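S.K.: One structure follows; several queries about it will come next.
The values are calculated or read from the model by the stated rules, or taken from the named source; none is laboratory data. Given the structure is predicted, the values throughout are model-derived calculations rather than measurements. All Cβ positions, glycine included, derive from the backbone under ideal geometry; neighbour counts span all protein chains shown. With ligands, DNA and RNA removed, areas are computed over all heavy atoms of the protein, side chains included. Shrake-Rupley method; radii C 1.70, N 1.55, O 1.52, S 1.80 Å.
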Amino acid sequence: MKSPAAARASSVVEEFERRAARAETLLADGPAAPDALRFAAGLYRVQGRIAADLESAHAREPLTGHLDRDAERFLDGAAAVVQYAARNGPENLAETARARREDSPATSRTRLLVYWTGGTSAGEDYLARAALRPYVEFLRGATIAPDRIHRRGQCPFCGGAPAVGARREGSLMEGARRLLACSLCGGEWPFQRILCPACFEEDPHRLPSFQADRHPFVRIEACETCRRYVKSFDLSQDARPIPEVDDLLSLSLDLWARSEGFERIEPGLAGL
């Protein structure tokens, strides 16, 4: 019988598989964003294998949550992410990944550490975030605190930026709860409904939301002050969507927001 810690770690691997399966379900349901969904499904499976390897490594010698000590133990996994993106990613990402296939282990480790310490964002280094995701999600499953700076508006566990938002059923008094989902560890945390996660503007007149008839359960929650936004999913009527995966079906909203001069707080799986 597995210990509670081992069971939590195994559930991390299962979460990656659940996301991959959701991407494949959406792919089978219709023609929307087929390339992005196919890429996402494969990436989740690569990340799931890294998480499984980390589970085995952790059983032999516990991870610490300090990337400078733990990085050597999943550099092969980071290389697998790069290889997958080089073969299957959209052209811009694939080009970057092909160049990085020549990186030495020391260079790969440095790239991860630079991202870890806030030297680059996901918009600048998608591959570093993708390689770190199974490590940080494993830490969350094993309740090992990562040694990252925590800033207001970011994930209280790992300090990652919000990738997407969600509204879930709350009590009769509170209405739908607003949650943000972390791009780095996959966790969710509650967040004030009328507040910008980027600059903390709280004037409702400066926090417009936008929707399109084609995507009735998705909206752009924008801020006129900092010109940033988060894409939010209404799960109060249907809990089946996985926001970070279903996000790929409504990329037209991101393109519209960008044309209006808004920038997403953190890019999603498609890099937008």
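S.K.: Which numbered condition trips up Ala198, out of (1) part of a strand (DSSP E or B); (2) surrounded by 17 or more Cβ atoms within 10 Å (Cβ to Cβ); (3) touching a residue at least 40 places away in the same chain (Cβ under 8 Å)?
M.R.: (1)
S.K.: Would it be correct to say that Ala99 is in a helix (DSSP H, G or I), open to solvent by less than 50 Å² (accessible area, probe 1.4 Å) and either farther than 28 Å from Asp247 by Cα or not β-branched (Val, Ile, Thr) (or both)?
M.R.: Values: in a helix (DSSP H, G or I): yes; open to solvent by less than 50 Å² (accessible area, probe 1.4 Å): no; either farther than 28 Å from Asp247 by Cα or not β-branched (Val, Ile, Thr) (or both): yes.
Judged against the criteria, Ala99 is not a match.
S.K.: Has the stretch 242-251 got at least one residue that is small (Gly, Ala, Ser), open to solvent by 20 Å² or more (accessible area, probe 1.4 Å) and over 15 Å from the mean Cα position of the chain (by Cα)? Outline the logic, then answer.
M.R.: We begin by selecting, within the stretch 242-251, every residue small (Gly, Ala, Ser); these are 250.
With the extra rule that they be open to solvent by 20 Å² or more (accessible area, probe 1.4 Å), the set shrinks to none.
Checked the stretch 242-251: no residue is small (Gly, Ala, Ser), open to solvent by 20 Å² or more (accessible area, probe 1.4 Å) and over 15 Å from the mean Cα position of the chain (by Cα).
S.K.: With the requirement that a residue be open to solvent by less than 50 Å² (accessible area, probe 1.4 Å), free of Cβ contacts under 8 Å to residues at least 60 places away in the same chain and among the charged types (D, E, K, R), what does the stretch 252-272 give you? Quick ask: steps written out before the conclusion?
M.R.: Residues of the stretch 252-272 that are open to solvent by less than 50 Å² (accessible area, probe 1.4 Å), as a first pass: 253-254, 257, 261-262, 264-272.
From the residues that got through so far, the ones that are free of Cβ contacts under 8 Å to residues at least 60 places away in the same chain too are 253-254, 257, 261-262, 264, 272.
Within the stretch 252-272, Asp254, Arg264 meet the criteria.
S.K.: Mind listing whichever residues of the stretch 103-126 are buried (at least 18 other Cβ atoms within 10 Å of the Cβ), over 12 Å from the mean Cα position of the chain (by Cα) and assigned to a helix (DSSP H, G or I)?
M.R.: We begin by selecting, within the stretch 103-126, every residue buried (at least 18 other Cβ atoms within 10 Å of the Cβ); these are 108, 111-112, 115-116, 122, 125-126.
Remaining after also requiring over 12 Å from the mean Cα position of the chain (by Cα): 108, 111-112, 115-116, 125.
Those that are buried (at least 18 other Cβ atoms within 10 Å of the Cβ), over 12 Å from the mean Cα position of the chain (by Cα) and assigned to a helix (DSSP H, G or I): Ser108, Arg111, Leu112, Tyr115, Trp116.
S.K.: Now for a different question. From (1) touching a residue at least 40 places away in the same chain (Cβ under 8 Å); (2) out of contact with any Asp or Glu (no Cβ under 9 Å at 6 or more places or on another chain); (3) part of a helix (DSSP H, G or I); (4) more than 27 Å from Arg264 (Cα to Cα), pick out the condition that doesn't hold for Ala130.
M.R.: (4)
S.K.: What are the pairs with Cβ atoms under 6 angstrom where one residue, in the stretch 81-92, is of a type in the set (Phe, Trp, Tyr) and the other, located anywhere, is modelled with pLDDT of 95 or more? Sequence gap at least six, or different chains.
M.R.: Here the result reads Tyr84/Val46, each pair linking the stretch 81-92 to a residue that is modelled with pLDDT of 95 or more.
S.K.: Within the stretch 59-66, is there a residue that is surrounded by fewer than 22 Cβ atoms within 10 Å (Cβ to Cβ) and within 20 Å of Ser183 (Cβ to Cβ)? Break it down stepwise before answering.
M.R.: Keep residues of the stretch 59-66 that are surrounded by fewer than 22 Cβ atoms within 10 Å (Cβ to Cβ), which gives 59-66.
Subset that is within 20 Å of Ser183 (Cβ to Cβ): 65.
Yes, there is a match, as at least one residue in the stretch 59-66 is surrounded by fewer than 22 Cβ atoms within 10 Å (Cβ to Cβ) and within 20 Å of Ser183 (Cβ to Cβ).
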